[in-house]
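Following this message is one structure expressed as structure tokens.
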Amino acid sequence: MSTRRDTALVGRFSEYASAVEVGIGRRSDIAAGLADAGVAVAATDVVDCDVPPSVSFARDDVVTASERDHPGAVYDADLLYGLNLPPELHRPALAVAEAVDADFRFTTLGGDPPAVSAVPTSLPGGGTLYVAHGDER
């Protein structure tokens with residue numbers, strides 16, 4: 001991993017058997033690190049993205065997914081997470097996680113506060129990981 005923060009995120013998320021990164025964009029380090037750790041990883045974004053071969057990809061909008069009866073098979077995982085997730089995606093991502101009975105973890109953009117009830121955890125190397133309160137499992 002390239003940073004202490006990335007290493008910490010992979011360490012925390014690798015306890016899950018499967019994970020989905022919402023809005024992967026051009027940053028696939030965490031997803032790749034999880035796949036290397038044996039986690040089945042999928043990623044979504046509203047645009048096509050290049051991801052490592054060890055990560056499956058589906059072009060999808062988490063807002064639209066949150067409005068469907070079932071968000072879609074790509075979201076069937078133990079963990080749903082988003083990195084630098086903008087506030088307008090916090091509620092839809094949490095709704096998707098709850099629909100598939102997954103935990104939801106996320107980081108925000110800079111000083112943006114979480115838009116859902118969440119417990120903050122400091123990360124080595126800076127930054128905060130939020131554990132959404134809907135995840136009382």
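Just give me the residues in the range 79-131 being touching a helix residue (DSSP H, G or I) at 6+ places or on another chain (Cβ under 6 Å), surrounded by fewer than 22 Cβ atoms within 10 Å (Cβ to Cβ) and under 19 Å from Ser14 (Cβ atoms), in sequence order.
Matches in the range 79-131: Leu123, Pro124, Gly125, Gly127.
Could you say whether any residue in the range 88-96 is out of contact with any Leu (no Cβ under 7 Å at 6 or more places or on another chain), basic (Lys, Arg) and closer than 21 Å to Ser2 by Cα? Even if it seems obvious, please write down each step before you answer.
Start the filter on the range 88-96 by keeping residues that are out of contact with any Leu (no Cβ under 7 Å at 6 or more places or on another chain), which leaves 88-92, 94-95.
Now restrict to residues that are basic (Lys, Arg): 91.
Filter once more, keeping what is closer than 21 Å to Ser2 by Cα: none.
No: zero hits.
Follow-up question, since we're still on this one. Filter the range 79-114 for residues that are small (Gly, Ala, Ser), modelled with pLDDT of 95 or more and more than 11 Å from the chain's Cα centre (by Cα) and give the result. Spell out the reasoning first.
Our first condition is that a residue be small (Gly, Ala, Ser); within the range 79-114, this holds for 82, 93, 95, 97, 99, 102, 110-111.
Next, only the ones that are modelled with pLDDT of 95 or more stay: 82, 93, 95, 97, 99, 102.
Answer for the range 79-114, where residues must be small (Gly, Ala, Ser), modelled with pLDDT of 95 or more and more than 11 Å from the chain's Cα centre (by Cα): Ala95, Ala99.
Follow-up. For the range 1-30, give me the residue count where each residue is assigned to a loop (DSSP other than H, G, I, E, B) and polar (S, T, N, Q). Spell out how you get there, then give the answer.
As a first pass, look at the range 1-30 and keep what is assigned to a loop (DSSP other than H, G, I, E, B): 1-3, 14-17, 23-28.
Of the ones still in play, those that are also polar (S, T, N, Q) are 2-3, 14, 28.
Looking only at that region, the number is 4.
Another question, if that's okay. Output the residue which, of all residues in the range 37-47 that are free of Cβ contacts under 8 Å to residues at least 24 places away in the same chain and in contact with a helix residue (DSSP H, G or I) (Cβ under 8 Å, 6 or more places away or on another chain), is surrounded by the fewest Cβ atoms within 10 Å (Cβ to Cβ).
Top of the filtered list is Ala43.
Which residue pairs have Cβ atoms under 7 Å apart, sit 6 or more places apart or on different chains, and have a first residue in the range 100-112 that is part of a strand (DSSP E or B) and a second that is loosely packed, with under 10 Cβ neighbours inside 10 Å?
From the range 100-112, the pairs are Asp103/Arg137.
The values are calculated or read from the model by the stated rules, or taken from the named source; none is laboratory data. Every value quoted in this text rests on a predicted model; they were computed, and no experiment measured them. Please note: Cβ atoms are built from the backbone with ideal geometry, for glycine as well, and neighbour counts cover all protein chains shown.
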